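Worksheet for the structure shown next.
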Amino acid sequence: MVDRAREMESVGAMLLAVFRYRELVRSLVLRDLRLKYRGSILGFFWSLLNPLFTIGVYWFAFTYIMRTSIADFAFFLLLGVLPWTFFVNATMMSTGSIAEGGALLKSVAFPRAVLPIATVLFNLAQFVLTLAVFVPIMMLAYRVPISGPMLLFPVFLALQVTFTIGVALLLSCGTAFFRDIRHLLEVTLALLFWLTPIVYDLATAPESLRMPLLLSPMSSFVLAYHEILFRGAWPGPELWYVALTYAIGGIVIGTAVFVSVQGKLAEQV
């Protein structure tokens, strides 16, 4: 038996192999989408209920109990909760993409990175569909005008997806060796939620904390969505620097680590 995955021992070779297997990635994403809603009466609308419930709870708590000063707070929340939910679901699912795929890894020759990447793209598909439903409704409800900065939304979304894929590659191979990573990730994500300006405006935080909060992994992306879609403003250079750093650093580190251990993954699952 020859493990053809061992032939992909460089970052470039692995990325090229994943591109060649793009039809497999597409098939895995479509399969997961069909399985998620198979036998369900409401189907895709279940994906809308979870963020809608979350947004409703935080909107009530921060509007009527904590008395936030942010106008159109529901729209502000939406632009933070949806990308955060995409990131959380993608990273949590990626921890099992390799660890739970032992039979497939040992029986079929294909780039191992396909599994975590397909997981991220599956959650991206749900994220985009949810955005397509909620954002136009919110923009009409709050009379948000169309503006030039909105053209940058796909750019920052691409940066977030790149960063998320890098994290997913790192977590997927790490969990294959250390199962405790999945439980540690749950705790880490709970902490990062409050270190990301999702339910509060970064400008209201103490000045000494603004830079540390900005450097939280998801902050630059959430802040960029707020600037582009909520305020109709161009993101500042600091948002570009942080977002680019996380996107490039995440994909480079995640891919490099994955390449270095992918030959041992079949032995660990």
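Rule-based calculations on the coordinates, nothing more; no lab input. Keep in mind that what you see is a predicted model, and the values were worked out from it rather than measured. Cβ: placed from backbone, ideal geometry, glycine included. Neighbour counts: every protein chain shown.
Structure notes:
- Taking the helices alone, the chain has a mean residue ellipticity at 222 nm of -23000 deg cm²/dmol, built from -39,500 (n - 2.57) per DSSP H run of at least 4 residues and averaged over all its residues.
- Pairwise Cα inverse-distance average, inverted: Kirkwood Rh of the range 43-175 (Å): 16.7 Å
- For the pair residue 241 and residue 38, a Förster radius of 35 Å applied to the C-beta separation gives a FRET efficiency near 0.20, rounded to the nearest 0.05.
- The residues 97, 208, when put in order of fewest to most other Cβ atoms within 10 Å, stand as 208, 97.
- Dividing the mean sequence gap of close Cα pairs (under 8 Å, 6+ apart) by how many residues the range 4-268 holds gives a relative contact order of 29 percent.
- Charges were assigned to the Cβ only: +1 to each Lys and Arg, -1 to each Asp and Glu. The resulting dipole of the range 4-268 about its Cα centre is roughly 720 debye.
- J(HN,Hα) series, the range 222-228, from Karplus relation 6.51 cos²θ - 1.76 cosθ + 1.60, nearest Hz, glycine and proline x: 4, 4, 5, 5, 5, 5, 6
- Of all complete DSSP H helices in the chain, those with a Cα span along the helix axis of 20 Å or greater and a mean Kyte-Doolittle hydropathy of 1.6 or more are 114-141, 153-177.
- Reciprocal mean inverse distance between Cα atoms of the chain - Kirkwood radius, Å: 19.7 Å
- Exposure proxy ranking for 45, 177, based on other Cβ atoms within 10 angstrom of each Cβ and starting from the fewest, stands as 45, 177.
- Each of 226, 183 was scored by other Cβ atoms within 10 Å of its Cβ. Arranged with the fewest first, they read 183, 226.
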